[in-house]
Amino acid sequence: MSLAWNGATWPALLGMAALLTASPAALAETTLLTCHLNSPQNAYREDGVPTIELNEAEGTIVAHFPQYTDKYNGDNFRRAHAVGPMPANFNPDTITFTDPNPVFVSSDDYSLDRRSGSLSIANSTYPYWIWSCEVGHRQF
């Protein structure tokens, strides 16, 4: 059996070769989540929108946290900051990571529920830090 070398064969072979030589990192897609604090009991308001960039292929996340202000007296509670890329554990049901710039005791361990989109600080001492996250899409 012979392979027909017509005009369509070469572009197809070149395309397959390019796919085979592309690195996994180059093919990895980042998913952007936008999150909103949804704990009405929380005494703080977000002065921006937190975002989480997930890169499961590389096992990393980048988190962007806005400044948080005390709703009652206007004091700055937490400065805005971004961290990452940093390692994250991607499990079938959850994604966990630790913010190296903690607000609370010694670390902020976060847990993101992959089914509900709920992001929380995985420390029962602070139950009011719960966000609802969704995949961010361009509006226009």
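Key figures
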quantity	calculated
Selected from SER120, PRO87, ALA57, residue furthest toward positive end of dipole (region 29-135; charges at beta carbon)	SER120
Prolate/oblate/rounded call for region 29-135, Cα gyration tensor, a/c under 1.5 rounded	prolate
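Read-outs: derived from the displayed coordinates by stated rules, not from any lab. Keep in mind it's a predicted model, so treat the numbers as computed, not measured. All Cβ positions, even for glycine, are placed from backbone atoms using ideal geometry, and neighbour counts span all protein chains on display.
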